[in-house]
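Here is the structure we will look at.
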Amino acid sequence: MHRHGYIGRKFGRERDQRRALLKGLATSLVINGKVETTLPKAKEVVRYIEKLITKAKKGDLSNRRRVIAGLSTEAAAFRLVDVIAPQLAGRTSGHVRVVRTDLRVGDGTQMAIIEFVDEIKEIEQEVKA
């Protein structure tokens, strides 16, 4: 069997499990600003989150709904659209980086950290009473 034309990694999981894994890692990245995982997972999350950030930067209703669908929680989606995307407006791509770290002790796999290239500053939001 040939390998040509197949995009993406399977991670030994079914399709729904794979989608849930990417959603969970992307949500953690948006909420925490940094995630440590294995290198292949990190590379796949970069592909996934870059597309979401591009949609979030447009910010219209349709793209906002796609971002909500692409992340696990609405709070993470709102944070991406309202807080993170405006701070990344100066870039057209390359919003996140992958930095290799140590090998995992248990099985020796390569670990990596995914983080935003620009420092994300928290914006004080007014609480409406």
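A residue that is of a type in the set (Gly, Ala, Ser), at pLDDT below 95 and either in contact with a strand residue (DSSP E or B) (Cβ under 7 Å, 6 or more places away or on another chain) or surrounded by fewer than 13 Cβ atoms within 10 Å (Cβ to Cβ) (or both) occurs somewhere in the range 72-89.
Every residue, every condition in (1) surrounded by 13 or more Cβ atoms within 10 Å (Cβ to Cβ); (2) aliphatic (A, V, I, L, M), yes or no:
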position: TYR6; (1), (2): no, no
position: PHE11; (1), (2): yes, no
position: LYS43; (1), (2): yes, no
position: VAL46; (1), (2): yes, yes
position: GLU50; (1), (2): yes, no
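Go through the range 82-126 and give me each residue that's of a type in the set (A, V, I, L, M), touching a residue at least 24 places away in the same chain (Cβ under 8 Å) and farther than 12 Å from ILE31 by Cα. Matches in the range 82-126: ALA85, LEU88, ALA89, VAL96, VAL98, MET111, ALA112, ILE113, ILE114, VAL117, ILE123. Go through GLY59, GLY33 for me and flag whichever is surrounded by fewer than 17 Cβ atoms within 10 Å (Cβ to Cβ) and under 12 Å from the mean Cα position of the chain (by Cα). The unique qualifying residue is GLY33.
The values are calculated or read from the model by the stated rules, or taken from the named source; none is laboratory data. Fair warning: this is a prediction, and the values are worked out from it, not measured in the lab. Positions of Cβ are backbone-derived with ideal geometry, glycine not excepted, and every protein chain shown enters the neighbour counts.
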